[in-house]
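> The following block contains the structure, expressed as structure tokens.
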Amino acid sequence: MYIITALSILNKIFHFEIMNKRSVFIVEDDPTLRRLLERVVTENWGFEAQTFPDGISCLENLHEPPDIVLLDIMMPGKSGVEVLAEIKLSFPELPVIMISAQENVGVALETLKRGATDYICKPIDMPRLEASIKNAIQTYDLSREVSRLRQTIEKTMHFDNIVSGDGKMQNVFKFVNKVKDTTVSVLIQGESGTGKELIARAIHFNGNRKDKPFVVVNCASIPKDLLESELFGHERGAFTGAVNRKIGKFELADNGTIFLDEIGELDMSLQAKLLRVLQAKEFERVGGTNVLKSDVRVISATNKDLHRAVLEKEFREDLYFRLATFPIFLPALRERRSDILLLAEHFLKRAAQEHGKNQSTFSRSALKLLYDYSWPGNVREMEHAIERAVILADQDVITEKELPMAIQALAQGEYSPSETTHLFGDGNTIIPFEKIKEEALRHALRVTDGNLVEAAKRLNLGRATLYRLVKRYEIEI
């Protein structure tokens, strides 16, 4: 949701350059060179320039920093190196190009260590200076864009921004607030689609590790024979096809958080290795002998009853208690019905904005259907259902006609995929068997977020059969 491609960043930068002249501070005590630089950067290169005869006057005007600073080294009063140090204290990312009359390697290295972007000797090679300025500004723009995106993610992932007014979820938020700055393992339990990963992200991005990596591993979507390598990495030649060393997720998440989704699907042999990591915070790559240390905060999630799995000897008891140091239970959407209409309005607004549509509300009949529906796929199912409705709608109001068939059926009393009636309501209407199969498949893909392997498993179908049905019903994944 919050990923932005390098191409889109560059498009924004290019558009910004067209719409706005970039500004340059020229700090040079030689008046002739100062005037020459000003004329070249403004008349030839299209920048706005502000000139200063010394570093002190430049520093006094940094309350509105430029896009780049051209800074002479040898000046009266404060030297360029001293001015550079003060600039970096206030604006560490601001690019500064040093200009010197002496080609002194030692001085050049010193300025680069202190944060200078480039070092150019006099007489100035103007084409080189132009290229250096443009490259520095582009890098600066990328840095600012990444910073903006990070702030956006942190703001969006704040648990106060998770849409809910229900008391059960407010208790969840309190748990998040209590555990966010600790290092204990957290186990988030709840049905598929209740927002377990969203809560995991809220814990990470609101805690003291928010500037460190947040690494996600879905234990159900990775084949068992590859999962160990995915988690811990492998050495070259560890197995057939291991042509290079691979860094595992635990290494990538060092000092940050690793989120192990669908932890209940973890093979017993891997459970023992994960237990060692939790206990000793060390592991070896597959095929390796070096013991690696990793300070990782582990958050796991499952829609299984792990306690029952322990009793049935399908999950290690010692690992369960390690993972569940701080358990958080997410209620199903049907258990917090006061959130249904609140979430519906939220998803409508967001989907309309994303798809450039004008839908602003639901009809009364549509709202009643949304409220009465049991939402077996929980919040994820609702999000997809409303996005589909927005795409289908030709008018400003979402009516029951744009809602999925399973929800529309409530109005005719035909069927409802609730826990008790499943596909058959109390009415006498017979639903064609082929239609039931199609709707069951579409619903399974919505609940599993398009994961064909997981959908086949939960429908108790072979993968080949599921692929054939997807093709028959022309379902887009």
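> Are any of the pairs 168/196; 212/293; 88/122; 21/134; 273/293 more than 20 Å apart by Cα-Cα distance, and if so, which?
88/122
> With Cβ to Cβ distances under 12 Å as the rule, what net charge do the other residues near residue 394 carry (K, R +1; D, E -1)? Please list the in-between numbers first.
Details: positive: 357, 401; negative: 396, 402.
In short, 0.
> What list of ³J(HN,Hα) couplings, whole Hz, do you get for the range 304-319 from phi and the Karplus terms 6.51, -1.76, 1.60, once you set θ to phi - 60° and write x for glycine and proline?
After applying 6.51 cos²θ - 1.76 cosθ + 1.60, I find 8, 8, 5, 5, 5, 4, 5, 5, 8, 6, 9, 8, 5, 5, 5, 5 Hz.
> Now for a different question. Measure of size requested: the Rg and Dmax of the range 36-138, with Cα atoms as the atom set and Å as the unit; please supply both.
Answer for the range 36-138, Rg first and Dmax second: 12.7, 34 Å.
> I would also like to ask the following. In the chain, if the dipole is taken from +1 on Lys/Arg beta carbons and -1 on Asp/Glu beta carbons about the Cα centre, which of 360, 386, 56 is farthest to the positive end?
386
> So how strong a dipole does the chain carry about its Cα centre when Lys and Arg Cβ are +1 and Asp and Glu Cβ are -1, to the nearest 20 debye? Let's see the in-between values first.
Details: 63 positive and 69 negative charges, 237 e Å.
For this selection, approximately 1140 debye.
> If you scale each eigenvalue of the Cα gyration tensor by 5 and take the root, what three semi-axes come out for the range 190-316, rounded to whole angstrom and sorted largest first?
Details: eigenvalues 112, 75, 35 Å².
Each semi-axis is √(5λ); the values are 24, 19, 13 Å.
> Something else now. Can you show me the helix-derived [θ] at 222 nm for the chain, built from DSSP H runs with n ≥ 4 at -39,500 (n - 2.57) apiece and divided by the number of residues, rounded to the nearest 500.
-14000 deg cm²/dmol
> Could you give each residue of the range 63-80 its phi-based ³J(HN,Hα) in whole Hz, using Karplus coefficients 6.51, -1.76, 1.60 with θ = phi - 60°, and x for Gly or Pro?
Those phi angles translate into 5, 10, x, x, 7, 6, 10, 9, 10, 6, 7, 8, 9, x, x, 7, 6, x Hz.
> May I pose another question? Which whole-Hz couplings ³J(HN,Hα) result when phi for each residue of the range 386-400 is put into the Karplus expression 6.51 cos²θ - 1.76 cosθ + 1.60, θ = phi - 60°, listed in order with x for Gly and Pro?
Those phi angles translate into 6, 4, 4, 5, 4, 5, 6, 5, 9, 10, 6, 9, 7, 9, 5 Hz.
> Under a point spin-label approximation (7 Å from Cα along Cα-to-Cβ), what is the residue 101-residue 268 distance to one decimal in nm?
8.1
> Let me ask you something else. Post the alpha-carbon centroid distance, the range 116-130 to the range 280-344, in whole angstrom.
55
> Right, next: What translational diffusion coefficient, to the nearest whole µm²/s, does the range 243-329 have by Stokes-Einstein, given a Kirkwood radius computed over alpha-carbon pairs, a temperature of 10 °C and 1.306 mPa s viscosity?
Diffusion coefficient, whole number: 114 µm²/s.
> Around residue 169, under 11 Å between beta carbons, what's the net of Lys plus Arg minus Asp minus Glu among the other residues?
The answer is 0.
> Just want the answer: with Cβ charges of +1 for Lys and Arg and -1 for Asp and Glu, which residue in 162, 116, 32 is farthest toward the dipole's positive end in the chain?
162
> Give me the percent of Cα-Cα pairs in the range 332-384 that sit more than 19 Å apart, rounded to a whole number.
Values: 334 of 1378 pairs.
Percentage above 19 Å: 24.
> What does the net charge come to around residue 259 if you take all other residues with beta carbon closer than 10 Å to its beta carbon, with K and R at +1 and D and E at -1?
Here the count lands on +2.
> Would you please calculate the Kirkwood hydrodynamic radius of the chain over all C-alpha pairs and express it in Å, rounded to one decimal?
27.1
> Any idea which of 205, 343, 332 is furthest toward the positive side of the dipole for the chain, if Lys and Arg beta-carbons carry +1 and Asp and Glu beta-carbons -1?
The Cα lying farthest towards the positive end belongs to 332.
> Check residue 397: other-chain or 5+ apart residues with amide H under 5 Å from its amide H, H built from backbone geometry?
When sequence neighbours closer than 5 places are left aside, there are no close amide H contacts.
Coordinate-derived values only; no laboratory data. Because the structure is a prediction, the values reported are computed rather than measured. Virtual Cβ from ideal backbone geometry, glycine too; neighbours counted across all protein chains shown.
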